[in-house]
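Following: one structure in structure tokens, then a few remarks.
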Amino acid sequence: MWAFYIRRFRDFILTASKEIACMSQILADLKAKKPLVHCITNYVAMNISANVVLAAGASPAMIHTPEEAADFAKIVGGLTINIGTVSPAWFEGMKLAAMAANEVSVPWVLDPVAHFATPYRANVAQELLALKPTILRGNASEIIGLSGQVSAARGVDATDPVEAAEAGAIELAQAHSIIVVVTGKSDFVTDGSRIARISGGSPMMPCITAMGCSLTCLMGGFAAVAPPMEAAATALALFAEAGNVAASKAKGPGSFQPLFLDALHNISPEMLLQSERVEWH
């Protein structure tokens, strides 16, 4: 009996070690390949998102117009779509970019910001979800809402705990054959069967606008160089590690932001290899 449990524990340790080593290699690949990431994000998030992607080692392009979104989506490594300040013209560009990405197998990430706030936003999110993103990333309230449950959201802020969204995330992943990411005080990633939980970060991160939006853009960069579930987990682990490093030196949100960018830039694959922030199940 004890031999069985010892073997199970040994297998768990070996699997976890392989996944951590894989994430370290993914970060090395991002820095080496510097993939071009097509970021359709909101007005508020453009500057910080571009800087986050650059600091980590990828190359951002902030393009959203319908006239060029589809053409550009076909020449990049990854695409990200954030509906934070969506308008009819932007929505058209988003759909065209997503369809073009699907045509040439470019991975793309959907961030359904506050989709529950108005009927228009809800329709936008549902239409984009129907186009089958590679990765769906949202806070707990956004994922709960998309899974058909009632969330306790307030504007763009999540008021539900990550744990409350886990069952809905698994259902969405299975129904749409996608990776679903729930972010919050801890993070949850699933493909419908496998699960990864990521801890870390800093309480100061929600005090800075567009941190989640910039994470979505960074996730698109990692999806350009790795399988989507591993890409998502690596982006989250790097974000958490950078948040922890920045918080150790920051005096408040104002000093945290530049320190966070410095940390993203300076964290090496070897440092990520030593991180114990991810649990795989």
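Checking each residue of region 191-214 against the condition of being crowded, with 18+ Cβ neighbours inside 10 Å, touching a strand residue (DSSP E or B) at 6+ places or on another chain (Cβ under 7 Å) and among the hydroxyl-bearing types (Ser, Thr, Tyr) gives no match.
When region 42-83 is limited to residues that are farther than 25 Å from residue 31 by Cβ and among the β-branched types (Val, Ile, Thr), the one that is surrounded by the most Cβ atoms within 10 Å (Cβ to Cβ) turns out to be 83. For residue 102, the test of being within 15 Å of residue 223 (Cα to Cα), out of contact with any His (no Cβ under 9 Å at 6 or more places or on another chain) and at pLDDT 95 or above is passed.
For region 14-41, the set of residues classified as of a type in the set (A, V, I, L, M, F, W, C), modelled with pLDDT under 95 and surrounded by fewer than 23 Cβ atoms within 10 Å (Cβ to Cβ) consists of 14, 16, 20, 21, 22, listed by residue number. Of the residues making up region 79-108, not one is touching a Phe, Trp or Tyr at 6+ places or on another chain (Cβ under 7 Å), within 20 Å of residue 47 (Cβ to Cβ) and of a type in the set (Gly, Ala, Ser).
When the residues of region 133-177 are narrowed to those that are of a type in the set (Ser, Thr, Tyr) and in contact with a Gly (Cβ under 7 Å, 6 or more places away or on another chain), which ends up modelled with the highest pLDDT? Looking at residues that are of a type in the set (Ser, Thr, Tyr) and in contact with a Gly (Cβ under 7 Å, 6 or more places away or on another chain), I get 147.
The values are calculated or read from the model by the stated rules, or taken from the named source; none is laboratory data. What you see is a predicted model, and the numbers here were worked out from it, not measured in a lab. As a convention, Cβ positions derive from the backbone with ideal geometry for all residues, glycine included, and neighbour counts pool all protein chains shown.
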